[in-house]
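> Take a look at this one; I'll ask things after.
The values are calculated or read from the model by the stated rules, or taken from the named source; none is laboratory data. Just so you know, these numbers come straight off a predicted model, no measurement behind them. So basically every Cβ, Gly included, is an ideal-geometry build from the backbone, and we count neighbours across all protein chains shown.
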Amino acid sequence: MMFIRLSVFFAGVLAALFLGWAALVGVPGVQIAAVPPQPDLRPYTFEQAHGRQVYIREGCMYCHSQQTRPQGFGADQPRRWGRPSVPGDYFYDQPHLLGTMRTGPDLLNIGARQSSRDWHLAHLYNPRTVTPQSLMPPFPWLFEERAAEPSETVVHGRFVANRDGLDLIEYLLSMNRTYPVR
């Protein structure tokens, strides 16, 4: 008798876990899989994909979100951070890097708001040189001290971005979802 009760209890627990998983993961996963990419969205280049890995490695998503909110859900629209994000904006993103908080600004449209490579170089090396009130830490390991080639940009007199830094900037510049939603 005790075995039957335990079996029913165990089956109930498993059914509850399965139903919870189906409601929170399974059904939304099927729905999202059917969403096509936005027409103007392009796959990442090799450099942008590597920059995205640097973005993950450096933990940028802990302080920055990648989901511009619609009017009435915060100050994104008055700040001119771009149109609200839609599921098709994330078609090529695995894993999704939506973020959970905003210590820094939303970055979904940073490529449109700040398209200067020089600005990004200075900001990564020392954020307070371009945004004095910034809480972002500097990332000096994305730079090396050496003589620059003619095609390279020197930051703070003698530092040149390494491959990780350059590719991170390519990824940031690729984040431009200002085209109209279709």
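> I'd like to know if segment 151-158 contains one or more residues that are crowded, with 17+ Cβ neighbours inside 10 Å and either in contact with a helix residue (DSSP H, G or I) (Cβ under 6 Å, 6 or more places away or on another chain) or closer than 18 Å to Arg52 by Cα (or both).
yes
> Still on this model: Taking the conditions exactly as written (out of contact with any Gly (no Cβ under 9 Å at 6 or more places or on another chain), at pLDDT 85 or above and under 20 Å from Leu173 (Cα atoms)), does Tyr62 satisfy them or not?
no
Residues are listed down the side, and each one gets a yes or a no for (1) in a loop (DSSP other than H, G, I, E, B); (2) assigned by TED's automatic domain parsing to the domain that holds Ile56; (3) surrounded by fewer than 14 Cβ atoms within 10 Å (Cβ to Cβ):
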position	(1), (2), (3)
Asp93	yes, yes, yes
His96	yes, yes, yes
Thr100	yes, yes, yes
Thr103	yes, yes, yes
Leu107	yes, yes, no
Gly111	no, yes, no
Ser115	yes, yes, yes
Leu121	no, yes, no
Pro132	yes, yes, yes
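> So which residues in segment 45-59 are of a type in the set (S, T, N, Q) and within 12 Å of Leu172 (Cα to Cα)?
Gln48, Gln53, listed by residue number.
> With the condition kept exactly as written, say whether any residue in segment 159-171 is in contact with a helix residue (DSSP H, G or I) (Cβ under 8 Å, 6 or more places away or on another chain), surrounded by fewer than 19 Cβ atoms within 10 Å (Cβ to Cβ), farther than 18 Å from Arg52 by Cα and not charged (D, E, K, R).
The answer is no, given that none of the residues of segment 159-171 is in contact with a helix residue (DSSP H, G or I) (Cβ under 8 Å, 6 or more places away or on another chain), surrounded by fewer than 19 Cβ atoms within 10 Å (Cβ to Cβ), farther than 18 Å from Arg52 by Cα and not charged (D, E, K, R).
> Given the criterion under 30 Å from Pro140 (Cβ atoms) and surrounded by 10 or more Cβ atoms within 10 Å (Cβ to Cβ), identify the matching residue among Gln31, Gln48. I'd like the intermediate steps shown before the answer.
Values: Gln31 fails: under 30 Å from Pro140 (Cβ atoms).
After applying the criteria, what remains is Gln48.
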